[in-house]
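Engineer: A single structure is presented below for examination.
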Amino acid sequence: MTARKIIIDTDPGQDDAVAILLALASPEELEVLGITAVAGNVPLPLTSKNARIVCELAGRPDLPVYAGCDAPMARPLVTAEHVHGKTGLDGPEMIEPTMPLQDQHAVDFIIETLRSEPEGTVTLCPLGPLTNIATAMERAPDIIPRIQAIVLMGGAYFEVGNITPSAEFNIYVDPEAAKHVMASGCDITFLPLDVTHHALATQARVDAFRAIGTEVGRTVAEWTGFFERFDKEKYGSAGAPLHDPTVIAYLLWPELFSGRHINVEIALEDPLTLGMTVADWWRVSDRPANATFIRDLDADQFFSRLTERLARL
Ligand code: RIB
Ligand code: CA
């Protein structure tokens with residue numbers, strides 16, 4: 001089986017970091033063509049540095065990391081240090097990366113890669129605001145039909161918002177970008193809060209990360225042990241929701257997930273609902289289905305397989 005080619009677009013973020021590690025631990029199934037950093041959880045200088053920290057932790061200093069957009073398409077950047085800490089990877093002490101950042105802009109890398117790889121063979125995996133993806137589409141519309149699929153972490157419906165009462169962070173930070181991506185007509189799958197809030201890194205699961213006994217295991221245990229504070233205080237949840245690794249897990253083990261192909265629109269007009277993903281889960285509108293919206297997963301299997309893969313690094 002040839003490995004599926006993916007580009008991970010990310011704003012590390014501890015959960016982004018675990019997603020990148022899972023992808024790099026799965027070379028038989030996934031070929032990561034590059035990692036593109038975007039401003040989100042923390043500003044771009046930090047997300048592009050953190051992406052390199054994670055690559056070096058995975059023993060992959062060869063993997064190209066590109067810096068992308070440092071602000072949303074049409075509004076000021078909103079960050080989430082209150083969740084991820086000042087560095088974006090708070091928890092364990094992390095060493096400065098030595099691998100270089102690529103000179104090429106992330107948007108140009110996305111465009112160039114989609115133009116050079118055979119049509120329909122590259123999947124985009126956005127784990128943060130969709131600024132890089134939408135900017136690439138706007139700058140080079142010819143790439144849109146060349147995209148195999150977009151599998152993204154973002155949005156919320158039954159779970160409602162985590163950054164506002166109605167919006168999930170990734171979509172909220174750049175709602176214009178999200179609207180642009182939805183208008184592309186690409187094959188889009190959402191891993192929203194509705195499913196990621198079932199993927200909780202409980203103490204037993206964090207202990208299993210630590211029990212791997214490697215630097216990766218210890219680091220992941222400390223990352224998840226750090227960024228659980230926000231969700232525990234807000235939701236009283238039993239641990240950190242591992243949002244972004246569900247994107248990679250969906251590519252590896254889709255059988256663990258369930259959802260529906262429905263209409264999803266991005267609210268832009270009213271400040272109260274800005275960035276809300278209006279998911280027609282009950283198909284009450286006549287709006288055409290335009291995305292797969294995932295609502296549930298087998299969390300035990302997700303964590304046991306994730307832990308097994310992390311142990312390979
Ligand atoms: O709302 C959760 C999402 O926002 C995750 O991708 C997290 O890393 C942050 O980017
Ligand atoms: Ca993220």
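The values are calculated or read from the model by the stated rules, or taken from the named source; none is laboratory data. If you're wondering where the values come from, they're calculated on a predicted model, not measured in any experiment. Positions of Cβ are backbone-derived with ideal geometry, glycine not excepted, and every protein chain shown enters the neighbour counts.
Engineer: Select from region 121-135 the residues that are out of contact with any Cys (no Cβ under 9 Å at 6 or more places or on another chain) and in a loop (DSSP other than H, G, I, E, B) and write down the one among them that is farthest from ligand 2 (Cβ to nearest atom).
Structural biologist: Selected residue: 121.
Engineer: If I filter region 141-164 for residues that are modelled with pLDDT of 95 or more, among the hydroxyl-bearing types (Ser, Thr, Tyr) and in contact with a strand residue (DSSP E or B) (Cβ under 9 Å, 6 or more places away or on another chain), do I get at least one hit?
Structural biologist: yes
Engineer: Considering only region 136-215, give the helices (runs of 4 or more DSSP H) lying wholly within it that have at least 1 residues that are more than 16 Å from ligand 1 (Cβ to nearest atom) and within 17 Å of the chain's Cα centre (by Cα).
Structural biologist: Helices (runs of 4 or more DSSP H) meeting the threshold: 175-183.
Engineer: Still on this model: Could we say that residue 201 is among the aliphatic types (A, V, I, L, M), in contact (Cβ under 8 Å) with a residue 60 or more places away in the chain, touching a Pro at 6+ places or on another chain (Cβ under 9 Å) and within 28 Å of residue 138 (Cα to Cα) here?
Structural biologist: Spelling it out, it is not the case that residue 201 is among the aliphatic types (A, V, I, L, M), in contact (Cβ under 8 Å) with a residue 60 or more places away in the chain, touching a Pro at 6+ places or on another chain (Cβ under 9 Å) and within 28 Å of residue 138 (Cα to Cα).
Engineer: Give 221, 289 a once-over and let me know the one that is over 22 Å from residue 128 (Cβ atoms) and surrounded by 14 or more Cβ atoms within 10 Å (Cβ to Cβ).
Structural biologist: 221
Engineer: So, restricting to strands (runs of 3 or more DSSP E) that lie completely within region 245-292, which ones have at least 1 residues that are of a type in the set (S, T, N, Q), in contact (Cβ under 8 Å) with a residue 24 or more places away in the chain and within 30 Å of residue 2 (Cα to Cα)?
Structural biologist: Fully inside region 245-292 and qualifying: 257-262.
Engineer: So is residue 78 on the phi < 0 side of the Ramachandran plot, of a type in the set (A, V, I, L, M) and within 14 Å of the chain's Cα centre (by Cα) or not?
Structural biologist: Answer is no for this residue.
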